[in-house]
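Presented below is the structure to which this report refers.
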Amino acid sequence: ASGSVRLKLHVRPGAKRNGVSGVFGDALKVELQTPPVDGKANSALIKLLAKWLDITKSNITIISGESCRDKVVELKDTNIENIITKTLSIKKPFLFLLYSIIRLIYFRPFSLNTLLKFSIELKSLKSR
């Protein structure tokens, strides 16, 4: 199922590595090596998200927070199941992360199939 999704992000520019590293409050925590100078960190964020979610950079828009760490990005023509799968791969505090994923999807409700897949992933990760 494809649609528009908005994600809340907490971005840490000037970090030691690039990547999505967990949860910060009710947002996904993203670390960027790029310093926050002249919009370079925002460009690096879009590039990182595009690669991580396997979507084009043109389908990612920063809706709010261009000049601060807390941002909302919109992902157009995005497969929600892909976002769930990628986010589950973070495996940091798992239950809170799951709760955050559900809260992050604003524009499109979960389909029954997505919820079933989500439930199966939850059970398999909790049993580890």
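The values are calculated or read from the model by the stated rules, or taken from the named source; none is laboratory data. None of these values were measured; they are calculated from a predicted model. Please note: Cβ atoms are built from the backbone with ideal geometry, for glycine as well, and neighbour counts cover all protein chains shown. SASA here: full protein model, heavy atoms, side chains in, ligands and nucleic acids out. Shrake-Rupley method; radii C 1.70, N 1.55, O 1.52, S 1.80 Å.
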In debye to the nearest 20, the charge dipole size for the range 1-51, taken about the Cα centre with +1 at each Lys and Arg Cβ and -1 at each Asp and Glu Cβ, equals 120 debye
With a probe of 1.4 Å, find how much accessible area the range 1-61 has per residue, and write the answer as a whole number in Å².
50 Å²
I want to check the label-to-label distance for Ser21 and Lys51. Put each point 7 Å from Cα in the C-beta direction and report it in nm to one decimal.
1.6 nm
For Cα pairs less than 8 Å apart in space and 6+ apart in sequence, what is the mean separation divided by the residue count of the range 1-61, i.e. the relative contact order in percent?
25 percent
Charge-dipole axis of the range 27-84 as Lys and Arg at +1 and Asp and Glu at -1 on Cβ define it, positive-most pick from Cys68, Val37, Leu53:
Val37
